[in-house]
1. So in region 37-60, with the set limited to residues that are surrounded by fewer than 11 Cβ atoms within 10 Å (Cβ to Cβ) and on the phi < 0 side of the Ramachandran plot, which one is modelled with the highest pLDDT?
2. Considering each of 87, 80 in turn, give the residue that is more than 30 Å from residue 6 (Cβ to Cβ), under 26 Å from the mean Cα position of the chain (by Cα) and assigned to a helix (DSSP H, G or I).
3. What's the number of the condition residue 63 fails, among (1) modelled with pLDDT of 85 or more; (2) touching a helix residue (DSSP H, G or I) at 6+ places or on another chain (Cβ under 9 Å)?
């Protein structure tokens, strides 16, 4: 990943300690929040592959995730309404089928 980002100089990675500490903090924080430990490495690799070599990429992604937190209840509500409407239609169809034999008795 460091070669891909262009950080290797003279076959060495400058500031290796800071890179390892930040990865360790990300791994521990991710594990404490219930994600797998490999996730931070995969996300870092994808970010570097797409051209994000600074911390700005991570900050933008974090801001977008925070923004998504505010929209998640709205999305959940829309999904709940859709499933409730679907359930009503299914219930109505089942009721028609169940009461089909009762209709001629009137």
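The values are calculated or read from the model by the stated rules, or taken from the named source; none is laboratory data. Predicted, not measured: the structure shown is a model, and the values here were computed from it. So basically every Cβ, Gly included, is an ideal-geometry build from the backbone, and we count neighbours across all protein chains shown.
1. 59
2. Details: 87 fails: under 26 Å from the mean Cα position of the chain (by Cα).
Selected residue: 80, the only one of 87, 80 that is more than 30 Å from residue 6 (Cβ to Cβ), under 26 Å from the mean Cα position of the chain (by Cα) and assigned to a helix (DSSP H, G or I).
3. It fails just one condition, (2).
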